[in-house]
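First comes the structure, then the notes that go with it.
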Amino acid sequence: MDAGLIGLGQMGSGIAKSLLRGGHRLAVYNRTAERAEALRSEGARVVSSIAEACRSGVVLSMLADDAAVEHVVYGEKGVLASLPAGGLHISVSTISVALSDRLAADHARAGQAYVAAPVFGRPEPAASAGLIVVAAGAARSMERAKPLLAAMGPKLVVFGEKPSLANVVKLAGNFLLSSVIESLAETYAFARKCGVDAAVLHDFFTGTIFTAPVYKLYGGLIVEDRHEPAGFAAKLGCKDVRLVLQAAESAAVPMPIASVVHGRFVTAIARGNADKDWSVLGRVAAEDAGLTPAK
């Protein structure tokens, strides 16, 4: 299938590799051209503008936040202006529910289709077709999008025809993940301060009552105080919990734990950890307990 991909950070580059290995013909665009050039050897066609990335009539975007998506879609010669009538925009980004609703409405007014398809997973599974994709959009649009989405990973779940439902699911999932990370951070700081070996405790918990991968992965990073390179940066975790709170306020849903976790991310960023993995909440909890970094 011919498609374009805009946004080649760690996740976007990984997704591009999975799509290319899946047999799709991909035109890639990134503001920093070097990232696009790195994919030429993988079979990607490097283009120099958003308009060129939209030329096939199907374009995916994988961008960091609402501001980046708005710039790429609504800017001069952006996606909205460049995608032909009947074209399809698949947003793989984690964005606000409000922006997803706006994108759906504006693409429809332009005679274009829009599917929201955010993903769960870190850079390694992105590059090895191991992502979990949650999607929503009109049935015909979803059928067009499925060959691309299926190439990203083994699990694709469609949550309905309103695109922003997928964004609700993605934000809900990231809230749960961040809550687990904060709980692990506090738990291991408490155990260490009381004299328990956190590594032994981690092995015990993840081998018995908390065997889920999220506990094993993030508990291990916290115990080892290993937060670089970032698989998902603390500043992005902060952004996502903020988007959860915004959507929750619009829906009149109190989320007091989300407020706490957001504050912990702000603390982490204030201490110079914005670009470290969001597991750095473990270091924040240890510092608050007067502990030195784990060795």
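The values are calculated or read from the model by the stated rules, or taken from the named source; none is laboratory data. The shown structure was predicted, so the numbers you read here are calculated from the model rather than taken from an experiment. Reconstructed Cβ throughout: ideal geometry from the backbone, glycine too, with neighbour counts over all protein chains shown.
Please determine, by comparing only the residues of the stretch 60-105 that are assigned to a loop (DSSP other than H, G, I, E, B) and of a type in the set (D, E), which one is surrounded by the fewest Cβ atoms within 10 Å (Cβ to Cβ).
Pass one, the stretch 60-105, residues assigned to a loop (DSSP other than H, G, I, E, B): 62-65, 75-78, 83-87, 92-96.
Pick out the ones that are also of a type in the set (D, E) and you get 65, 76.
On the way: D65: 18, E76: 6.
The extreme case among them is E76.
Can you tell me which residues in the stretch 4-18 are assigned to a loop (DSSP other than H, G, I, E, B) and either of a type in the set (V, I, T) or under 15 Å from I90 (Cβ atoms) (or both)?
Result: G7, single match.
Is it the case that the stretch 24-46 has a residue that's within 26 Å of V241 (Cα to Cα), assigned to a strand (DSSP E or B) and at pLDDT 95 or above?
No: zero hits.
In this structure, is G57 modelled with pLDDT of 95 or more, at positive phi, surrounded by fewer than 19 Cβ atoms within 10 Å (Cβ to Cβ) and touching a Pro at 6+ places or on another chain (Cβ under 9 Å)?
Values: modelled with pLDDT of 95 or more: yes; at positive phi: yes; surrounded by fewer than 19 Cβ atoms within 10 Å (Cβ to Cβ): yes; touching a Pro at 6+ places or on another chain (Cβ under 9 Å): yes.
Answer is yes for this residue.
Only one of (1) under 21 Å from the mean Cα position of the chain (by Cα); (2) surrounded by fewer than 14 Cβ atoms within 10 Å (Cβ to Cβ); (3) closer than 23 Å to A98 by Cβ fails for P256. Which number is that?
For P256, the failing item is (1).
Against the definition (part of a helix (DSSP H, G or I) and within 17 Å of the chain's Cα centre (by Cα)), how does L243 come out, yes or no? Full working, then the answer.
On the way: part of a helix (DSSP H, G or I): yes; within 17 Å of the chain's Cα centre (by Cα): yes.
Taking the combined requirement at face value, the residue satisfies it.
Just to check your reading of the model, which residue among A135, A145, A116 is over 16 Å from the mean Cα position of the chain (by Cα) and farther than 18 Å from F232 by Cα?
Values: A135 fails: over 16 Å from the mean Cα position of the chain (by Cα); A116 fails: over 16 Å from the mean Cα position of the chain (by Cα).
Residue meeting the stated conditions: A145.
Report yes if some residue within the stretch 241-254 is touching a helix residue (DSSP H, G or I) at 6+ places or on another chain (Cβ under 6 Å) and among the hydroxyl-bearing types (S, T, Y); otherwise report no.
So far as the stretch 241-254 goes, no, none of its residues is touching a helix residue (DSSP H, G or I) at 6+ places or on another chain (Cβ under 6 Å) and among the hydroxyl-bearing types (S, T, Y).
For N273, work out the one condition from (1) surrounded by fewer than 18 Cβ atoms within 10 Å (Cβ to Cβ); (2) over 17 Å from the mean Cα position of the chain (by Cα); (3) not in a helix (DSSP H, G or I) it doesn't fulfil.
For N273, the exception is condition (1).
Which of (1) in contact with a helix residue (DSSP H, G or I) (Cβ under 7 Å, 6 or more places away or on another chain); (2) touching a residue at least 24 places away in the same chain (Cβ under 8 Å) does A191 not meet, given it meets every other one?
Result: A191 fails condition (2) only.
Can you tell me which of (1) free of Cβ contacts under 8 Å to residues at least 40 places away in the same chain; (2) under 25 Å from W278 (Cα atoms) is the one V119 doesn't meet?
Of (1) free of Cβ contacts under 8 Å to residues at least 40 places away in the same chain; (2) under 25 Å from W278 (Cα atoms), only one is false for V119: (1).
Picking from A199, A145, A233, which residue would you name as being outside the structural domain of A258 (by TED's automatic domain parsing) and small (G, A, S)? Before the answer, list the steps.
Details: A199 fails: outside the structural domain of A258 (by TED's automatic domain parsing); A233 fails: outside the structural domain of A258 (by TED's automatic domain parsing).
When all the criteria are applied, what remains is A145.
Quick check: is even one residue across the stretch 161-177 more than 30 Å from T292 (Cβ to Cβ), in contact with an Asp or Glu (Cβ under 7 Å, 6 or more places away or on another chain), small (G, A, S) and in contact (Cβ under 8 Å) with a residue 24 or more places away in the chain?
yes
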